[in-house]
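Okay, so here's the structure we're looking at.
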Amino acid sequence: MPEASASTPRQPGPEARSQAPVISIEGLQVGYGSYVLMRDVAFNVRRGDIFFITGGSGCGKSTLLRVLMGFKEPQKGSVRFFGQPFWPGTDQDRLAVRRRTGVLFQQGALWSSMTLAENIAVPLRQYTGLSERDIRRQATLKLSLAGLSGFEDYYPSEISGGMRKRAGLARALALDPDILFLDEPSAGLDPVSAKLLDDLIVELRNGLGTTFVIVSHELASIYAIATRIVFLDAQARTMAGLGSPKEMVRDPATKESAMMFLTRGQAGQAGMVDDPQSPEITGMVRIRQDQAASLGDKDSL
């Protein structure tokens with residue numbers, strides 16, 4: 001990687017909102033040994049998307065994210081980033097892509113013995129030739145972008161869970177990635193902190209032109225910020241929906257498993273939701289609580 005100056009924010013012009021895919025997946029099959037977890041998965045992630053990978057328990061959300069991050073090889077199919085091969089591909093192909101991506105893990109994965117600024121400095125020291133003075137400046141900038149200005153010298157144990165997620169996001173931004181992968185970013189957060197994190201993701205997408213790929217089952221976040229989603233069906237072991245969640249929930253062609261998932265939050269709170277199959281009808285359709293609950297809350301694979 002050329003010596004970088006982790007940078008001034010990129011201002012997205014019209015091209016940053018283009019339909020050109022930054023990730024292309026075709027005929028993907030993933031499993032463990034002889035067990036097939038999912039098959040026939042195909043979708044594109046476009047530049048500037050806030051793209052959610054979602055589904056019920058055991059559908060393979062986290063496994064698919066591992067494939068996209070280069071940690072697990074698929075059994076079949078192809079993955080391309082920026083038009084270049086990733087799977088199948090060489091180690092050098094995948095290394096080149098990883099240098100253009102950042103990751104926020106579920107718990108933030110911050111070094112507890114380092115301050116927030118020192119955590120952000122780790123990738124800057126490893127991958128750039130910046131001076132210590134410039135590294136400090138970049139750490140301050142990234143924390144400021146994450147809403148943590150003035151917290152450079154705090155340790156992870158001294159801040160709240162929501163702030164730790166923001167600090168993890170700041171570290172993921174250290175090398176100014178084109179794509180950010182987020183694994184259950186709202187896990188363990190109260191609704192207010194989760195909403196603030198959603199707002200931050202939108203601000204970063206709008207301000208930096210960053211593309212987000214997010215694993216989550218949180219309907220509040222999905223409806224609030226997702227531009228598109230792919231729904232993975234654990235029973236069928238394949239994808240069962242692709243598109244805008246707000247459009248999918250009103251589309252009569254949406255598969256039942258995806259519809260149940262997209263309406264389970266409303267069912268859980270009220271037991272009833274507007275009939276998505278007949279939006280022109282003002283009546284209500286009852287969703288069985290046990291069916292909604294059977295979809296689960298956490299991905300076990």
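Here is how the numbers come out for the structure above:
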| read-out | value |
| --- | --- |
| Residue match in the range 140-158 (condition: under 20 Å from residue 59 (Cβ atoms), surrounded by fewer than 21 Cβ atoms within 10 Å (Cβ to Cβ) and more than 15 Å from the chain's Cα centre (by Cα)) | no |
| Condition met for residue 71 (at pLDDT 95 or above and not polar (S, T, N, Q)) | no |
| Tally, over the range 157-183, of residues that are farther than 28 Å from residue 64 by Cα and either among the aromatic types (Phe, Trp, Tyr) or out of contact with any Phe, Trp or Tyr (no Cβ under 8 Å at 6 or more places or on another chain) (or both) | 3 |
| Neighbours by Cβ (under 6 Å, 6+ apart or cross-chain): first from the range 98-117, closer than 20 Å to residue 194 by Cα and surrounded by fewer than 21 Cβ atoms within 10 Å (Cβ to Cβ); second at pLDDT below 90 and not polar (S, T, N, Q) | 106/187 |
| Residue that is modelled with the lowest pLDDT, among those in the range 111-137 that are assigned to a loop (DSSP other than H, G, I, E, B) and closer than 21 Å to residue 208 by Cβ | 128 |
| Sole exception among (1) under 25 Å from residue 199 (Cβ atoms); (2) surrounded by fewer than 16 Cβ atoms within 10 Å (Cβ to Cβ); (3) among the β-branched types (Val, Ile, Thr) for residue 90, by number | (1) |
| From 148, 197, 124, 116, residue being of a type outside the set (Gly, Ala, Ser) and touching a Ser or Thr at 6+ places or on another chain (Cβ under 8 Å) | 197 |
| Output for the range 21-46, where each listed residue is at pLDDT below 95 and either assigned to a loop (DSSP other than H, G, I, E, B) or of a type in the set (Ser, Thr, Tyr) (or both) | 32, 33, 34, 35 |
| Pairs where the first residue, in the range 70-83, is basic (Lys, Arg) and the second is assigned to a loop (DSSP other than H, G, I, E, B), C-beta under 9 Å, 6+ apart | 80/89 |
| Answer from 224, 194 - the residue that is surrounded by fewer than 18 Cβ atoms within 10 Å (Cβ to Cβ) and either touching a helix residue (DSSP H, G or I) at 6+ places or on another chain (Cβ under 8 Å) or closer than 25 Å to residue 99 by Cβ (or both) | 224 |
| Meets criteria (acidic (Asp, Glu) and more than 22 Å from residue 23 (Cα to Cα)) for residue 199 | yes |
| Filtered residue count, the range 159-177, keeping only those that are touching a residue at least 40 places away in the same chain (Cβ under 8 Å), surrounded by fewer than 24 Cβ atoms within 10 Å (Cβ to Cβ) and assigned to a helix (DSSP H, G or I) | 1 |
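The values are calculated or read from the model by the stated rules, or taken from the named source; none is laboratory data. None of the values given here were measured: they were computed from a predicted structure. Note: ideal-geometry Cβ built from the backbone for every residue, glycine included; neighbour counts use all protein chains shown.
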